[in-house]
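Notes to accompany the following structure.
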Amino acid sequence: MILSVPNVVILMVVGLLGVGIYALLTVRNLIKVVVALQIMVKGAMLALVLAGRLQGQENLGQSMALTVIVADTIVAVVGLALAVQVRRVVGSLDLRALTTLRR
Amino acid sequence: MAMTWLMLTIGLPWLGALVIWLVGDRDEKFTHLLAVAFSVAAGGAALLLLPYGKERLLFAIPMGGVFGDFTFVVDGLGVFLAAIATVVGSLAVIFSVDYMHGEQQLARYYAFVLFFIGGMAGLVLTSNLLLMFFFWEITALCSYALISFHNDDPKAVAGGIKALIITQFGGIGLLAGALLLYAYTGSNDFQPLLENPAIVPAGVLAWMGFGCLIAAAAKSAQFPFQTWLPDAMEAPTPISALIHAATMVNAGVYLLARFYPAFAIVPGWREAVMICGILSALLAAMMAMVATDLKRVLAYSTVSQLGFMVYAVGAGGVFASQFHLLSHSVFKALLFLAAGAVIHSIGTRDMRQMGGLGQHMPLTRAVFIVGGLALAGIPIFNGFWSKELILEAGLHGNPLWLYGLMVLVAGLTAFYTVRMIAMVFYGEARTGLHVHDAGSAMKVALLPLAIGSLTTWLLAGPFGHLLAESLPAHHLEVHSTWAMVEEVIAAPATYLALGVVAIGLLAGWQRKRLIPLGQALGGVSKAAAESFGFEAINRGVVIATQKLAEALRVTQPGLLNWNVFAIVCALLILLASLAVGGR
């Protein structure tokens, strides 16, 4: 495989998504879940910029990435706020403590 | 101009629904007035649209690349059913002014009624199968909301949910048909399919045909989906009239008649349609003979008469089925509204507690008997002519035993009609019942329907030509009204059917003497009272679904990691299938 710029970026995208999914599958701490989501979104953002570049529509790709940054910040803020509330109400940040929601 | 009337026919009820919803329950009289005004205006627009039916006009509203054009077709079948939905619907609304007097939450009631009427008008006027599916689901939603209108009554809520679930099941069949049509023709417009069914491969056409049969059977409460209609009787009576005569159940028969040219060539489709119609007609007529709830008898009779129409489509008599649909919607609306006047007056639906009501409600008795005779198929009432046409259509190139069964059902119809009239209006008067005749708004709604039951058969000629000219794909053979009368009078089959009907009438009148016979057939009547086990099947399905859901609960531990794992698995399966099938 040639070590061109797009290939390197694709490797980074796959790596970031992989780390995020692995974390989502294994971690039990709510704060860590939020962090994992952030890592995955960064990978997606990178993919958007790359796609714009490859299609010759850099402006579109980058503006989509900016939009995602805004939305992603909100996700992080709400996620962390929920984590604080969960800690207060349930007394723990462990995901297993939240399984009572299914009833 | 036709475009304007078309848009008004669909748009006016919906606009009315919106306005009434926004106005709310501030002033009862104003709400009644708004509902009547909008529904009558929509009826007027539909009647003005009728003359354009012959020209077979097509309209398209561009909707961009995703949906394609929203196409509407103004042809005989569409304008005729739109006129029934809006005109009979507006009479039901007028009747409601008296019936729903003093009820709570009238705005919710009228908004859904108008939404329902507009949805039905759209369903029959569109030529886009996807759009038809949307309208189809709108009518299902409205019927659910109206059947459960008294939402503090558990039986009403259960009846509504049952109607919703069963008709949804049919909706899946229609959606599958729409998707297949799009996949093979690249458009949702079904006109090309009717003109040339060969554009879709034969195997796929068969799937679509039987999908449509399931959809129609669920919507029109045909075998084996007939159980929702009797339970829908928990609705306020004008709603029953609306569902049974003007809107909902006509949609299934309409669907079969509309797609007849495409599916008639599918092997076994016509036979399946005929069997479905006959079983519905026969089983429902037997259930009507033993039911004691006045509205349930009428509900079973609707299933039975719809069975006649479905049978007629299967036998190739598309015109006869639509003509019977016209007769049926007039006399069934009349029967339901008259029954509503009785129920409103004495406050019970149990026929065993009625009797001798005729002396106190002479007008209601008169119109109910007119409707009943039309239902039983007595000469010169509209039900006689259309039922004879159906029986005759069944004679052409179809097995004779099917015809015999339908004649038998015609006799059973006469029996339960007489039984119903006698139990309600004749016999010993019960004391302690405070009885008053129908109110003035009720009379306004009842009289046109009673006159219609006597006269709509005169429209056979013009109606037939309207259908034949605007539906070239159906290859209809129609005659003038006079020729139809001559044909019916000359046919020996007519007298056979009339003889059976007369025996049915006589048996209904002298049913006390038949008690020994009834006891001999005790098993049958017991089975009929238990709706031949279909209720038990329904309950079984519900219990099985609940048990299955309970068992599947293990797969939902509520753990985030587990859910992410499932998402990743689904993604992998999707990628794998794309890699294999993507070429």
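The values are calculated or read from the model by the stated rules, or taken from the named source; none is laboratory data. As the structure is a computational prediction, the values presented were derived from the model and not from experiment. Don't worry about glycine lacking a Cβ; one is built from the backbone with ideal geometry, like all the others, and counts go over all protein chains shown.
Can you work out which of the residues in the stretch A:20-32 that are part of a helix (DSSP H, G or I) and closer than 22 Å to A:Val77 by Cβ is nearest to the other protein chains (Cβ to nearest Cβ)?
So the residue we want is A:Leu24.
Of the candidates A:Leu95, A:Leu80, A:Leu46, A:Leu50, the single residue that is within 14 Å of chain B (Cβ to nearest Cβ) and either of a type in the set (Gly, Ala, Ser) or touching a residue at least 12 places away in the same chain (Cβ under 8 Å) (or both) is A:Leu95.
Identify all residues within the stretch B:547-574 that are under 20 Å from A:Met40 (Cα atoms) and facing another protein chain (nearest Cβ under 7 Å); write none if there are none.
Residues satisfying the conditions are B:Leu559, B:Leu560, B:Asn561, B:Val564, B:Phe565, B:Val568.
Would you mind stating whether B:Gly358 is crowded, with 24+ Cβ neighbours inside 10 Å, touching a Phe, Trp or Tyr at 6+ places or on another chain (Cβ under 7 Å) and either at pLDDT below 85 or more than 17 Å from B:Ala281 (Cα to Cα) (or both)? When the stated conditions are applied, B:Gly358 does not pass them.
In this structure, is B:Gly397 more than 19 Å from B:Phe463 (Cβ to Cβ) and assigned by TED's automatic domain parsing to the domain that holds B:Ala291? Here the answer is yes, as B:Gly397 does meet what is asked. Return only the number of the condition from (1) closer than 22 Å to B:Leu449 by Cα; (2) outside any loop (DSSP other than H, G, I, E, B) that B:Lys155 does not satisfy. Of everything listed in (1) closer than 22 Å to B:Leu449 by Cα; (2) outside any loop (DSSP other than H, G, I, E, B), B:Lys155 misses just condition (1). Of the residues that make up the stretch A:8-21, is at least one free of Cβ contacts under 8 Å to residues at least 40 places away in the same chain and more than 27 Å from B:Ala566 (Cα to Cα)? Checking the stretch A:8-21: at least one residue is free of Cβ contacts under 8 Å to residues at least 40 places away in the same chain and more than 27 Å from B:Ala566 (Cα to Cα). Those helices (runs of 4 or more DSSP H) of the stretch B:170-258 in which 1 or more residues are polar (S, T, N, Q) occupy B:191-195, B:237-241, B:248-258.
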